[in-house]
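One structure is given here, and the rest of the page talks about it.
The values are calculated or read from the model by the stated rules, or taken from the named source; none is laboratory data. Worth saying up front: this structure is predicted, and the values here are computed from it rather than measured. Quick reminder, even Gly has a Cβ in these numbers, built from the backbone with ideal geometry, and neighbours come from all protein chains shown. With ligands, DNA and RNA removed, areas are computed over all heavy atoms of the protein, side chains included. Shrake-Rupley method; radii C 1.70, N 1.55, O 1.52, S 1.80 Å.
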Amino acid sequence: MKRRVLAAAFLGAASTGLFDARAEEPDMLDFLADWSLGGSLHLSGERRGGGGDPAGQIFGPEATDGFAELDLRANRAFSRFHTWDISLFASFDDSETRGVKDGFLLERFRAVGQRGDVDTPWRLEFGDYFGFLSERSLQSPLKGGRIELQPEFGDSETFHSVQLFGGNVVRDYNDFFAKEGDDEAHFGGSWLMERQGLGALLFSGVYSAVEGPVADGATFSLAGETGFELAGQSLTFESEIAWFDGDAENATGKDDGLALMAALAGQSDGWRYSGRFEDYSAGFAPPGSAIIQDQRFYEGRFGYLFDDGAQVEGRYQHQEVQRALATELATETFGVFATLPASASTYGTGLTLDIFRRDETSRDGATDRISHNAFLNATRALDEAWTATLGLEAALTENAGVLVTEDVQFAGVEFDATRAIALAGFQGSFTPGFRLQVEETGNDSVYGYGPQLGVFLAGGGHGLSARVDLLFQDTDAGLIDAAEASLGLTYDYTFGQNRIGVEADYFSRDPEVGRFGDGYRVLVSFTHSFDRPARTQPGGAGFAGGGDPFVQTGFVDLTAFQPGMALADAQAEIETAGRSALFRFGPALVGEDRWLREIDTRQRLALVGGLGRLERAGLIVDLPAGNGGAADARAFERIKELFLKTYGPPSVAIETGDFGPDIAGRSRDGSFRRVYEWPGANGVLRLGIPARLDGAVRVEAIHARTQPPPGQATWGFQEIR
Amino acid sequence: MRRAIARNGTKFALALMAAILVGLVAAGSDGRGFRQAQRIPTPELLSEGRDASSFKGLGGLALDQPIPIPRPDVKAALETIFNRWGKGDTRLALNANFVNRDRLADLIRDLAPRDARLRVLEVANIEVLDQAIQPGKGPNGRDLLISRVATTATTQLTFTDRVNNRFQTLSGTNDYVIQMFHAIRREGDQ
């Protein structure tokens, strides 16, 4: 217990002390000020136990234990094109329930840096990353390092990405730094080429070293994908060929082998279809891949997607595994899957249907089985308060193999109804339900039935959910009847940056023959989250600022002017870039230039501030006619295009009314509006045509800490006429 | 209504949308079986107005920095998935891009004991592998956050073994990669 308390204290000090130290000694830890820091500390204690028959004590014998977790994240943006993200996840684990190991564990660490404003853009990753080349060569979480370069060769139409990596498959850094860290290691590289409209090609190679019965070896792969149009069909073809060369023979006596995969998928209007073929020879055994070795597989799918969201798909799949062995198993599956959203249903009932038939036959006769399975789920709002769900399932398995000869039949019904509830400031739902099922194996029958109840309530920072589930099993002679009860309860309360959670579980089992047994667990946890943004001060290196406003030729990036920066600095940035001098115009500094090169009307850049600090930076672009005619509409579209190209899709886009006569009047009464917004670290950029008191019609773009509500007609630089 | 995306100090609330953990994805829309480009933002890309992120698998805009996923949400998402284990809608718990999804779903439905129950006892080792945001795609026009999260979970399977006529409890600790959907509510949103 003492150990636990000490560890919790250590983690707590580590998390909060960091920030206190920074506050008191800004000079010493000043370098941290440019990083945004965040994370959480989670403490959890558990009590569990039970009584009676040990089989019923599913949570284990009487015990009290717990764990602490520290999650730390740091992020720094040197510029829009140069960023670093660091995260760390550590625990002190004294819990039998959590994970497999106890003690102090550094479970995850990840540092990712990338830079794009250099000749060869790069990305560096240290620590945890997802090692993925292809499904047939490597797909595994790794701890180690990876470097990626995205060089530009003469032909800039083709995108290149070259990666080199090395890493171990381990769950924590304790293992990584211990000898066990060498259990499974992968080293390799890949070169990816992508070209718009043509497709992608990946060359990759990985050497895998594994301790134990699996052979070490190298895997080389060539994978490609291309999309094309043919006879009105939109098609995608993907293929991979991979070769594995192992250092020792595997169970089939082979030490090398080939893998082939080809897939064609297409669509036309609502139709969707695809075919796929995979063949992996017995010697193809890459340790880091996600495939089933020594198999052949092919499938065909055909479906239709309706305009209202309903979908239906049929499939045929054929699989042969362990082809080199006497136990070779062939499986054939036919299936249909369909969904109908309630909104698309004539009767307001949402449906999901899942039917399949599966034939399994092994060469040695051990398995010979045909299973049929059908599932239907229907959901329907009964009235404004109640929503009902009905689930029906039926299955028949015909066994004719050597091992199992009895047929199995199953039928089950589940029904529940959810009612929305509001109670003393809390909102939630209440879901009673019932299930009934029968399974017959040969001449034995098992009937299962029982009620279920779920309750969920939330409000004022509190959240409560509870679930009760009873299952009675009545059987024929020879089998054991039993009554099982499961109760689960979770409660949490969030206040400020803190959260308190309680989880309780109870389980009991009362067999007709044998002893009653039950088990429980109660978990109490506390989580404190913290978040401290990076400093944004004059000249500071916030995300959206610090960059060069003129990095794009023919454009001015208003987000480079951070609200709060010294007006003089902003002014200097413009003037040192060789742009127009700024002149005072009332409370604003205004410069006339062709800030947007493609636009040939009058353009003014404006900086508005107070007490020497910038409040708003903006651009005022006059429209060619200013009367809302076709020329104005065209000019506005061109300006909008420039912003969309730079900042991507806006988070707010309001387009009300058309260009035309009396655009000034319609702007004021709200029947004509153009407002687009892009959020940023230090403010929001807005572009649009504001209503003006003087009746002028012009385009304005403003970057400011906040913007007036998009519904407000008048905004913009009213002070600049 | 300000919609700052996951920036420094921005207060936002995440609402886990367990109900749409995965949806049916029709044939022909499977993810690619080999690695995708994750383009590093460059001034050229920006001036061409091209999307720097090409997270085809997640489908959305890149974030400047990861949004932390609350620990209870990871546990709740796993519970939602495992509650479907062995039930008729097992298939819906598996992502459309899951390798051999149908084969696994068919097999579980064929072989899982009918009274089996899979519990999540505890989670550990949480890491957000990647995230993307789909503006306006959440409920009530909110932004939808899609996260691929790695975690290690201790699970417990209980069922009646009818062959040996015995109640069985099997525990396991395994690594999972899950896809989570959150609706983002920020300060000032209605």
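Some points to look at:
- When residues of region A:652-696 are limited to those that are within 14 Å of chain B (Cβ to nearest Cβ) and small (Gly, Ala, Ser), the one surrounded by the fewest Cβ atoms within 10 Å (Cβ to Cβ): A:Ala653
- Residue within region A:143-165 that is out of contact with any Leu (no Cβ under 8 Å at 6 or more places or on another chain), open to solvent by 10 Å² or more (accessible area, probe 1.4 Å), free of Cβ contacts under 8 Å to residues at least 12 places away in the same chain and facing another protein chain (nearest Cβ under 9 Å) present: yes
- Filter result for A:Glu184 (acidic (Asp, Glu), open to solvent by 60 Å² or more (accessible area, probe 1.4 Å) and more than 8 Å from chain B (Cβ to nearest Cβ)): no
- Breaking point among (1) free of Cβ contacts under 8 Å to residues at least 40 places away in the same chain; (2) within 39 Å of the chain's Cα centre (by Cα), for A:Leu642: (1)
- A:Asp245 open to solvent by 60 Å² or more (accessible area, probe 1.4 Å) and without any contact (Cβ under 8 Å) to a residue 12 or more places away in the chain: no
- Considered as a group, the residues in region B:111-122 that are within 8 Å of another protein chain (Cβ to nearest Cβ) and over 30 Å from A:Asn399 (Cα atoms) include one that is surrounded by the most Cβ atoms within 10 Å (Cβ to Cβ), and that residue is B:Leu121.
- Test: residue in region A:281-294 that is within 13 Å of chain B (Cβ to nearest Cβ), touching a residue at least 24 places away in the same chain (Cβ under 8 Å) and assigned to a strand (DSSP E or B): no
- Residues of region A:89-111 satisfying the condition of being open to solvent by less than 30 Å² (accessible area, probe 1.4 Å), within 26 Å of the chain's Cα centre (by Cα) and facing chain B (nearest Cβ under 10 Å): A:Phe89, A:Ser91, A:Arg98, A:Gly99, A:Leu105, A:Glu107, A:Arg108
- Evaluated against (1) touching a Pro at 6+ places or on another chain (Cβ under 9 Å); (2) surrounded by fewer than 19 Cβ atoms within 10 Å (Cβ to Cβ); (3) in contact (Cβ under 8 Å) with a residue 12 or more places away in the chain; (4) away from chain B (no Cβ under 14 Å), A:Arg705 falls short on exactly one condition, (4).
- Residue in region B:78-110 that is surrounded by the most Cβ atoms within 10 Å (Cβ to Cβ), counting only those that are in contact with a helix residue (DSSP H, G or I) (Cβ under 6 Å, 6 or more places away or on another chain) and outside any loop (DSSP other than H, G, I, E, B): B:Arg91
Conditions tested, residue by residue: (1) within 8 Å of chain B (Cβ to nearest Cβ); (2) open to solvent by 40 Å² or more (accessible area, probe 1.4 Å).
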residue: A:Asp30; (1), (2): no, yes
residue: A:Ser40; (1), (2): yes, no
residue: A:Arg48; (1), (2): no, no
residue: A:Gly66; (1), (2): no, no
residue: A:Pro121; (1), (2): yes, no
residue: A:Gly131; (1), (2): no, no
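- Of all residues in region B:138-190 being open to solvent by 40 Å² or more (accessible area, probe 1.4 Å) and part of a loop (DSSP other than H, G, I, E, B), the one that is modelled with the lowest pLDDT: B:Gln190
- Region A:386-411: number of residues that are open to solvent by 40 Å² or more (accessible area, probe 1.4 Å) and either among the aromatic types (Phe, Trp, Tyr) or in contact (Cβ under 8 Å) with a residue 60 or more places away in the chain (or both): 1
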